[in-house]
Amino acid sequence: MLASKALTRAIFLTAGLGALLLASLALASAPGSAAQTSRPAPHWVTADHGKFEALKQEFKSGPEVTKACLSCHNEAGAQVMKTIHWTWMSPDAPPEAKLGKGGLVVNNFCIAMPSNEPRCTSCHAGYGWKDKSFDFSKQENIDCLVCHEQTGTYKKFPAGAGHPAAEPKKMGNETFLPPDWNKVAQSVGRPTRDNCGTCHFYGGGGDMVKHGDLDSSMHKPGRELDVHMDVKGANFNCTRCHTTVAHKVSGRAYKTPAAAQRISLLKDDQISRITCESCHSDKPHAASSKANDHTDKVACQTCHIPAFARALPTKMRWDWSTAGQRDAEGKPLKKKGPLGPLAYDGMKGDFTWAKDVQPQYQWFNGSMTNVMAYTKIDPSQPVTLAQAEGSPSDPNARIYPFKLHTGRQPYDKVNNTLVVPKLFGPPGSGAYWGDYDWNKAIGAGMAYVNLPYSGQYDWLESKYYFQISHMVAPKEKAVSCQECHTQQSRLNGIGGVYMPGRDFNRPLNYIGWGAAAAALLGVFLHGLGRAVARRKNGNQDQQG
Amino acid sequence: MSNNGGKSIYLYTRFERFWHWAQSALIITLAFTGLEIHGSYTILGFKRAVEVHNFCAWTWLVLHAFVLFWMAVTGEWRQYIPTTKRLIDVALYYLVGIFQGKPHPVPKSERAKHNPLQRMTYLSIALVLIPLQMATGFLYYYYNSWPQWAWTSGLNLNAVAFIHTAGMFGFLAFLVVHVYMTTTGHTLACHLKAMCTGWEELPRQAKAGE
């Protein structure tokens, strides 16, 4: 009897489980993954640049090398000139909007590029952009080497308008030597992490300053820091994802989303690999995993980059209003911060740094809205200089992680616009780092960009959002479900979605728990009544 | 306490008992994990709670299919035909008579396992609450596929979650009352025992005139 009972139960359970298994098999769709990523990319160049006569001639400057490059690569110049690496202007905005570093975009690092060219353009893929007179149509002004040389010895002088030092020259504690032109020219190859990192790891004027997910730790990251670029693993170069065609590097820029559509290489082998979906598809997890259902609303980065600046600290705040203090020798005062980098610099003001920072989250469709030097602003509120576009109803928008960099920077308090200060220049030029007079610096900068300045400035709070896409953590370090599906959610600022665990209907909770409590109280009282009645009737029972 | 038990009848077949206890385990587990998903507490962790919840949901769907099949082929569905006959008597018994030591107005028999109040309750659970939870659970889980089903109606995830949660609270209230009601037999445990062994011990026939 007992055995047969157990048998019956086992049969039913097995039948139940079997049906369940069939159901989940039927639900399974083709999983997408990128299983071959651990293989290094094949190397298939067909030319040894060390053997080209053109690269054996004597070079005295960068443009001479470029001419030699162009003598064979006769399309390269025209190609580069179309790219944002050359123009520093958004390709998807009308020229009159002046959207770009080369235009009137304002940030809360060194604020704006114009009037500070020789310093800023040390990261321009060109030679000689020292002021407005730079000739963007001269192909020999292109710097091929900064992206292509492979010796690691080629360095542009930080204040040389894109040129390397012509003779040994000091800047800070570092001495910059003229390159061995033949050696660097003959070393050229496809760009590596070090080439891209020369500028992109040092954005905002130095290591660790700008992005939070790009800094010098990314030259040779380990698996913990970036699963794709792991030097002992897949060892991706930047261009492995930033697919480059005719010198146009894919990626997000201002109004331009990284990709027009999210499709995988399985559907079209000619797409750029710039999105995670390109290789991983929009169902990257195991077939029945609920995580696959998130990909229409949540960017991969949101779960897979739990924190940025995981190896080195990154700058979180820059307060220009306190700049100007000097030490006993009259030099700009410098104070070290607890994490290593400066907490105060007399040239720049106060800095806040942080390591292992949990991102901010926003809906984002790939386009940013920038506040420009000519935009009217409301100084009573923090001004968001770069704001993610996108909303819950936008099918192209996902919830993305961001670094939020806050700042305190000058504005024109009569015209209610941000200002372009001239920072870099010798004493007497009006530059802040020459004369330490904000009024003069702003006047000089605004005159340079032909914008009005009332002569009166004040300080305002500003915010700048950087999308976080690098430093993809190993999957076991991904953000867990309950870091978002909880009332203390990482996504507490995110509207437009119902998230179980975070969202609930408060009245329903009261009514539901109330009903359960009422039922409990009811049965308790009923039971109590029965106990009392039984005691009374008990005597009667015995008599009967 | 005097044992006033009388003869026993075989009321619940092996399958019915299996179904009952499997379903009760599933309901309790679903409510427990569901409340965690709802954000009421953190015990298993959200991910594990979701996994257990979904597993139980599919299992219940399969079980329910077997139950409906069993009902159909055995004709036992007739036990759940609602009736108003003696409904008031039963309600009055639980409100008043039970305290006066009166006998239950509808004694259990093979032809009528459930009193009118039970019939109504169990039928509405089987026909309303369970399908509602299954439907909203299904919509909840396949929320992402709504656009593929060309489903763009006014219903949103918010509403689906609301109904699904409300259904859970319904089950919770039912569970409290149901567990308590098992103690209202002629002994505290006799109904519970019946659902374990299948044999319901009937109270000794009340003497006429008592």
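None of the figures in this text is laboratory data; all of them are computed from the coordinates on show. Just so it is clear, the structure is predicted and the values come from calculations on it, not from any experiment. Cβ coordinates were reconstructed from backbone atoms using ideal geometry, including for glycine residues, and neighbour counts include every protein chain displayed.
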ask   = Under unit Cβ charges (Lys, Arg +1; Asp, Glu -1), what dipole magnitude, rounded to 20 debye, does chain A have relative to its Cα centre?
value = 1620 debye
key: Positive-end residue, chain A charge dipole about Cα centroid, Cβ charges, pick of A:GLY340, A:ALA159, A:ALA47   = A:GLY340
key: FRET efficiency for A:GLN358 and A:ASP268, using Cβ-Cβ distance with R0 set to 45 Å, rounded to 0.05   = 0.80
request  = Label region B:81-132 by shape, choosing from rounded, prolate and oblate, from the square roots a ≥ b ≥ c of the eigenvalues of the Cα gyration tensor; if a/c is under 1.5 it is rounded, and otherwise prolate applies when a/b is larger than b/c, oblate when it is not.
outcome  = prolate
query = Quick one: helix A:438-448 against the long Cα principal axis of chain A, what's the angle to the nearest 10°, folded into 0 to 90?
reply = 80 degrees
remark   = With Cα coordinates, the longest principal axis of chain A makes an angle with the long axis of helix A:62-72, in degrees rounded to 10, of 80 degrees
task = Determine the calculated [θ] at 222 nm for chain B from helices alone, applying -39500 (n - 2.57) to every DSSP H run no shorter than 4 residues and normalising by the residue count; nearest 500 deg cm²/dmol.
result = -18500 deg cm²/dmol
task = Along Cα→Cβ, 7 Å out, is where each label goes; now give me the distance between the ones at A:ARG223 and A:ALA287 in nm to one decimal.
result = 2.7 nm
inquiry  = Checking the cross-link filter: which lysines have an alpha carbon closer than 20 Å to that of A:LYS232, excluding same-chain neighbours under 8 positions apart?
reply    = A:LYS220, A:LYS475, A:LYS477
message = If you take each beta carbon of peptide B:177-183 and count the beta carbons of other chains within 10 angstrom, what is the mean?
response = 3
query = Which distance in nm do the two modelled labels at A:LEU339 and A:GLN487 give, with both placed 7 Å along the Cα-to-Cβ direction?
reply = 3.1 nm
remark   = By the mean-Cβ-within-10 Å protection proxy, highest first, B:142-150, A:436-444 rank as A:436-444, B:142-150
key: Phi to ³J(HN,Hα) by Karplus 6.51 cos²θ - 1.76 cosθ + 1.60 over region A:394-409, Hz, x for Gly, Pro   = 7, x, 8, 8, 10, 7, 10, x, 9, 8, 9, 9, 9, x, 10, 9
note = Per residue of A:523-533, other chain Cβ atoms within 10 Å number on average 3
note = Given unit charges at Cβ for Lys, Arg (+) and Asp, Glu (-), the dipole magnitude of region A:186-271 about its Cα centre in debye, nearest 20, is 260 debye
task = Based on the mean of other Cβ atoms within 10 Å per residue, sort peptides B:100-111, B:60-71 so the most packed one is first.
result = B:60-71, B:100-111
query = Using a Förster distance of 22 Å, how high is the FRET efficiency between A:GLN325 and A:ASN439, based on the Cβ-Cβ distance and rounded to 0.05?
reply = 0.75
B:LEU92 versus A:LYS138: modelled label distance in nm, points set 7 Å from Cα along the beta carbon direction = 11.0 nm
Overall form of region A:314-484 per C-alpha gyration tensor (a/c, 1.5; a/b vs b/c) = oblate
ask   = Which residues in region A:500-532 have a backbone N closer than 17 Å to a point placed 7 Å from the Cα of B:THR42 along the Cα-to-Cβ line?
value = A:500-504
query = Other chains' Cβ within 10 Å of B:31-42 residues: what's the mean?
reply = 3
Dipole magnitude (debye, nearest 20) for region A:314-484, charges at Cβ of Lys, Arg, Asp, Glu = 360 debye
task = Rounded to the nearest 500, what is the 222 nm mean residue ellipticity of chain A from helices alone, with -39500 (n - 2.57) per DSSP H run of 4+ residues and division by all residues?
result = -7500 deg cm²/dmol
query = Shape call for region A:340-428 from the C-alpha gyration tensor, a ≥ b ≥ c root eigenvalues: rounded (a/c under 1.5), prolate (a/b greater than b/c) or oblate?
reply = oblate
Proximal lysines relative to B:LYS7, as straight alpha-carbon distance under 16 Å, when same-chain residues fewer than 8 apart are discounted = B:LYS108, B:LYS113, B:LYS193, B:LYS207
query = P(r) tail for the protein assembly as shown, what percent of Cα pairs lie past 42 Å?
reply = 49 percent
remark   = Site A:LYS183, offset 7 angstrom along Cα→Cβ, radius 13 Å on amide nitrogen, limited to region A:146-177, gives A:150-155, A:177
ask   = Which order, highest average first, do A:66-77, A:353-364, B:82-93 follow once you tally other Cβ atoms within 10 Å for each residue and take the mean per peptide?
value = A:353-364, A:66-77, B:82-93
query = By a straight-distance test (C-alpha under 27 Å), which lysines pair with A:LYS334 as possible cross-link partners, with residues fewer than eight away in the same chain excluded?
reply = A:LYS155, A:LYS156, A:LYS169, A:LYS170, A:LYS210, A:LYS315, A:LYS348, A:LYS355, A:LYS403, A:LYS422, A:LYS440, A:LYS463
ask   = R0 = 25 Å: FRET efficiency of B:SER24 with B:TRP146, Cβ-based, nearest 0.05?
value = 0.20
